[in-house]
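Since the structure comes first, as structure tokens, the remarks are kept for the end.
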Amino acid sequence: MIDTLHTFDQHLTLLLNHFHSSWADAFWQFMSDIQVWFPLYIIVLVMLFVRLGWKKALIVTASLILTIVITDQVANLIKNSVTRLRPCYDYTMLSGGLHVLEKRSGYYGFFSGHSANAFGFAAASLIGLRNDRRRRFMGYAAMIYVWATLIALSRVFVGKHYLGDIVVGALIGSIFGTLLAFAARYLIKRIHLASPQGT
């Protein structure tokens, strides 16, 4: 069963990875670069402090940081436990024409830390912003999940992950992001109730 799933994942990954061009390659390399994420992080943090006030914003910011740290560490732990080779180290994938755009890094890739971080941040930031009950942030929801999806897909196009790696990463990241965001919301409510002015 596991071998069948892995073979299916290989075929799907190669199918997706084969769609490339010079401009697309540059775009996917850009999206895959972690440093590109920092301006978005700063913009979201500014939004949090403007919309929520500094007390709520600090709590939500802590949940975002915890989400990224936890998903990253869990990804590394699972990678070293499952020991599934990245496609860029797999002879079957390379002989099948895998298009590799980045320098090869660690041997193991299940599951994608990039995908987990991106979807964890998306979930935690969206729920965090909704602590401001005056706004629904539908535009932000669409934008942040498109951003997370592009980051996750970039890992397939640069040859560093299987499609299954990014799907599992997105799921795990979303779970941790949601749990930590609701933990932050619970803490905000506790502090709100404890405040003499209810602020």
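The values are calculated or read from the model by the stated rules, or taken from the named source; none is laboratory data. This structure is a prediction, so every number in the text was calculated from the model and none was measured. Ideal geometry is used to build each Cβ from the backbone, glycine not excepted, and the neighbour counts take in all protein chains shown. Note: areas computed on protein heavy atoms with side chains; ligands, DNA, RNA excluded. Shrake-Rupley method; radii C 1.70, N 1.55, O 1.52, S 1.80 Å.
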When you scan region 89-110, do you find a residue that is modelled with pLDDT of 90 or more, under 20 Å from the mean Cα position of the chain (by Cα) and over 21 Å from residue 156 (Cβ atoms), even just one? no
Criterion first (loosely packed, with under 11 Cβ neighbours inside 10 Å and either assigned to a helix (DSSP H, G or I) or among the acidic types (Asp, Glu) (or both)) does residue 9 satisfy it? no
Out of curiosity, is residue 106 in contact (Cβ under 8 Å) with a residue 40 or more places away in the chain and either among the polar types (S, T, N, Q) or in a loop (DSSP other than H, G, I, E, B) (or both)? no
Single residue of 13, 4, 83 found to be touching a helix residue (DSSP H, G or I) at 6+ places or on another chain (Cβ under 7 Å), among the hydroxyl-bearing types (Ser, Thr, Tyr) and over 26 Å from residue 128 (Cβ atoms): 13
Being open to solvent by 30 Å² or more (accessible area, probe 1.4 Å) and without any contact (Cβ under 8 Å) to a residue 24 or more places away in the chain narrows it down to one of 94, 101, so name that one. 94
Kindly indicate whether any position in region 153-170 is touching a His at 6+ places or on another chain (Cβ under 6 Å) and part of a helix (DSSP H, G or I). yes
Just the residues that are surrounded by 15 or more Cβ atoms within 10 Å (Cβ to Cβ) and closer than 21 Å to residue 182 by Cα, please, taken from region 63-82. 63, 64, 66, 67, 68, 70, 71, 72, 74
